[in-house]
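Written out below as structure tokens is the structure these notes cover.
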Amino acid sequence: MKTFRFATISAAVSLASLVSVHTVLAADTPVRINQAFQSLLYLPLYVAQEQGFFKQQGVEVKISTGGGGAQSWAAVIGGSADFSIQDPVFVPKTRENGGKGVVVAGVQNAPTIFVFGKEAASLQDNLSLLSGKRVVTSPQPDTTWAFMSYLIKQNDLKDVKLVHVAIGNEIPAVAAGRADYALAAEPQVTMAEQQNGLHVVYSFSAAQSWYPFAFSSLTTTQQYIDKNPQAAQAVVTAFEQASRFIYKHQEESVQIARKYFPALPEAVVKKAVQREIDAKGYPENVLVSQKAWDNNMNIALYAKNIKAYPSEATSYQNNVNVELATKAKAAVDAMGDK
């Protein structure tokens, strides 16, 4: 990781301008953000919108939904969106094919996938309990398949049978006895626990070798940043504000999440957001670290989503813009509790 130092005078000038770029933008600049899905994992986006952080920074954000990571990133490449939110692996995949994308901020900074099942015994420090068990994952090469397959290899687990189901069908598979355990993200994890009497027995985020992890990121192109430097900085700074807000104001954040997921019971939303916070899923600082990038790329390479790592096309230095997130942190630090 690079260490950034600011000269005292220039830092004061820079921070003053960053606290609210609204003062240097003639009017609210329109920005289009395409999310892969509407997801509790993307709560910083909704908080930034509902708390007015985008507005405060001088941008007017329109949120659209792609329906998948590939579609969301394609919206940026095709010009119908300025930013996208999804697994950042699409940026190095594009570079491997001669394109240029860039990751500018973390949205989900931990591998917030959990294992639940009928048995209550924790697997966290005793993965041998998986021996002879059936575990539900999504089909290859999707995320939960990659996570479980890599975990099996990493720990030399024996006789673990993977049962593939479509995303969203994890709970029924376990409840019906087709499998002993399943991997899923929120809110399915809390629904399994609260509505189906199942037990959460393993957290990938709690495994030291897996954290931090660039699970979901804000991505764009360097061309957009070069043409719209103030707007790009404004968006990243708003995400920094939102991520910190979630940790300081959990109840308010839950209410925002409920607005975006009205069909979910309040108890499910509250517990799911709390689990995300406990796992440090929402970034405490939106800068994507070298370790977070390494962890994602190692899984991406295992799943054959990228051709090589490290390489020029997949390196941290060529894919992660650290400048915007570094300035965002300094700006929000300067704001204090305002």
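The values are calculated or read from the model by the stated rules, or taken from the named source; none is laboratory data. These figures come from a predicted structure and were not determined experimentally. Ideal geometry is used to build each Cβ from the backbone, glycine not excepted, and the neighbour counts take in all protein chains shown. Side chains are part of the model used for accessible areas, which takes the heavy atoms of the whole protein and leaves out ligands, DNA and RNA. Shrake-Rupley method; radii C 1.70, N 1.55, O 1.52, S 1.80 Å.
Here's how it looks for ASN34: its modeled amide H is under 5 Å from those of SER64, ASP82, PHE83, SER84, ILE85, which are all 5 or more places away or on a different chain.
Between helix 229-248 and the chain, what is the angle of the helix's C-alpha long axis to the longest principal axis, kept within 0 to 90° and rounded to the nearest 10? For helix 229-248, the angle is close to 50 degrees.
Surface exposure of the range 48-178, expressed per residue as accessible area with a 1.4 Å probe, stands at 42 Å².
Rounded if a/c is under 1.5, else prolate if a/b beats b/c, else oblate: with a ≥ b ≥ c from the C-alpha gyration tensor eigenvalues square-rooted, which is the range 270-338? The shape class here is oblate. Surface composition of the range 71-178: carbon and sulfur atoms hold 48% of the protein heavy-atom accessible area at a 1.4 Å probe.
Based on the alpha-carbon gyration tensor of the range 86-183 and its eigenvalue square roots a ≥ b ≥ c, which shape applies: rounded if a/c is under 1.5, prolate if not and a/b is larger than b/c, or oblate? The shape class here is prolate. Considering amide H positions built from the backbone, and no H for Pro or chain starts, which residues 5 or more places from VAL61, or on another chain, come under 5 Å of its amide H? Result for VAL61 returns VAL31.
About its Cα centre, the chain has a charge dipole of approximately 360 debye under the convention of +1 per Lys or Arg Cβ and -1 per Asp or Glu Cβ, with nothing else charged. When peptides 157-168, 60-71, 181-192 are ranked by their average number of other Cβ atoms within 10 Å per residue, the highest-first order is 181-192, 60-71, 157-168.
Each of SER311 and ASN298 was given a label point 7 Å from its Cα along the Cα-to-Cβ line. The distance between the two points is 2.0 nm.
Under 15 Å of direct C-alpha separation, and excluding same-chain neighbours fewer than eight residues apart, LYS118 reaches these aspartates and glutamates: GLU170, ASP180, GLU193.
Of interest is the spacing of the C-alpha centroids, which for the range 109-127 and the range 28-59 amounts to 31 Å. The alpha-carbon of LYS327 sits under 16 angstrom from the alpha-carbons of these lysines, leaving out residues fewer than 8 places away in its chain: LYS2. Sequence-distant contacts, meaning Cα pairs under 8 Å at least 6 residues apart, place the relative contact order of the chain at 27 percent. Listed by chain and number, the aspartates and glutamates placed with their C-alpha closer than 20 angstrom to that of LYS93 are ASP82, ASP142, ASP294, GLU312; residues fewer than eight positions away on the same chain are left out. Projecting the Cα atoms of GLN223, SER253, ALA166 onto the charge dipole of the chain (Cβ charges, centred on the Cα centre) puts GLN223 farthest toward the positive pole.
Residues in the range 146-155 carry Karplus couplings, in order, of 4, 4, 5, 4, 5, 4, 4, 5, 4, 10 Hz; the curve used is 6.51 cos²θ - 1.76 cosθ + 1.60 with θ = phi - 60°, and Gly or Pro positions show x.
Working from Cα positions, state the angle (0 to 90°, nearest 10) between the long axis of helix 290-302 and the longest principal axis of the chain. Roughly 50 degrees between the two axes.
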